[in-house]
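Everything on this sheet refers to the single structure shown next.
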Amino acid sequence: MFTALSLITAGILLRQADRLHFARHTPHTAPARQLLALQRARANNLTPTLLLAGQWTQIAGLWLLAAHHPALAVAAAFGVAVQLRHLQEASHHAVHGVLARTRTANHLLAEALAHLPLGLAPVAVRHQRHVRDHHPAATLATDPNLTDLHQAGLRPGVSRIRFALALLHPLTPAGAAATLTGLARDLRAHPARQAALLTVPAAAYLTAGWTGLFAGWLLPRLLLYPLLAWLSLIVEHTWFDPEHRTGPQPHVEAGRCLRLYPRNRALAALAAATWLPYGDLHHYAHSAHPGLRWNYLPALERHLPPPHFTPHGLALGAHTVTARHHHALNAVTACEEPVKV
């Protein structure tokens, strides 16, 4: 137990080097050009390496923790899923070229410490899909993310039951099959990536036996982490009823982005620490200036006008993300129905 807690603590401390380095003298609110200048001045390759190494150190500690008690195994499964979500989001900034100082370092860190061990598509493929295909066309018919939402069942006229199942898509048989199919697709064409992916479950097994393998890797990687990533996608945009605008990029993004928990600091902090890490809670600011590192997105967000939708929460209540999505999907059908006389 002591070793497990020591590794978890060491991982957290390793990650703080990056946060503290970029936090120095950061203004409370500032325009993008000022924040970009700070970012360029502080860019380096060491602290991002320590940050990602810290994530894996925490994962190793959670594997050891899982072996001590069934309740701790359950907690470890959720903890590992959160760390995988963190790795995904940190590598997202590497895809944008702002995790580390150089392009080579961004690529190597993302591949070696996120994409390869998680079985994600190569960085170049993700760059094309996310930076080239998603960002310019967010919420439009050509957006690959919107296609994913439609394929999961979020379509016009969706029933409440089908809508609820779509929100939990990665946990459904169809969603789990899609996760496995995606893994197989990304790995089939790259034999070397298959070997890299197998090293992580092997390490989990060697660290904590079958409990480490199941609770420390299979459950979080195949079900829990995909769910966290899916929920983060759902709260990025008003996918089904955006305001299509023209003009400066922040104005355009304010019409198709949302900001979750703008008035609830406790829930915002919890989301940022778990399923919306590394600036994903501030997706509107990221969409307005994709070249800005997560450390500076809160300051930029305070400088920008608010987006057109600032929901009170995710799912419980009328003024929530899921309520708006469901209403928008059914409003489309209602508008298409002929008027009865």
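Nothing in this text is a laboratory measurement; each read-out follows from the coordinates by a stated rule. Computed from a prediction, not measured in an experiment: that's the story for all the values here. Because the Cβ atoms are built from the backbone with ideal geometry, glycine has one as well, and the counts that use them run over all protein chains shown.
Screening region 146-166 for residues that are assigned to a helix (DSSP H, G or I) and in contact with a Phe, Trp or Tyr (Cβ under 8 Å, 6 or more places away or on another chain) and picking the one that is nearest to residue 221 (Cα to Cα) gives 149. Listed by first and then second residue, the pairs linking a residue in region 112-136 that is under 16 Å from residue 253 (Cα atoms) and in contact (Cβ under 8 Å) with a residue 24 or more places away in the chain to a residue that is assigned to a helix (DSSP H, G or I) and hydroxyl-bearing (Ser, Thr, Tyr), with Cβ atoms under 8 Å apart and 6 or more places separating them unless they lie on different chains, are 135/287. Does residue 229 qualify as being of a type outside the set (Ser, Thr, Tyr), buried (at least 16 other Cβ atoms within 10 Å of the Cβ) and free of Cβ contacts under 8 Å to residues at least 12 places away in the same chain? Against the criterion (of a type outside the set (Ser, Thr, Tyr), buried (at least 16 other Cβ atoms within 10 Å of the Cβ) and free of Cβ contacts under 8 Å to residues at least 12 places away in the same chain), residue 229 does not qualify.
None of 3, 29 is assigned to a loop (DSSP other than H, G, I, E, B), touching a residue at least 60 places away in the same chain (Cβ under 8 Å), surrounded by fewer than 16 Cβ atoms within 10 Å (Cβ to Cβ) and on the phi < 0 side of the Ramachandran plot except 29. Among the conditions (1) within 28 Å of residue 216 (Cα to Cα); (2) touching a Cys at 6+ places or on another chain (Cβ under 9 Å), residue 138 misses just one, which is (1). Just so you know, in region 34-66 the residues that are in contact with a Gly (Cβ under 6 Å, 6 or more places away or on another chain) and not aromatic (Phe, Trp, Tyr) include one that is surrounded by the most Cβ atoms within 10 Å (Cβ to Cβ), and it is 62.
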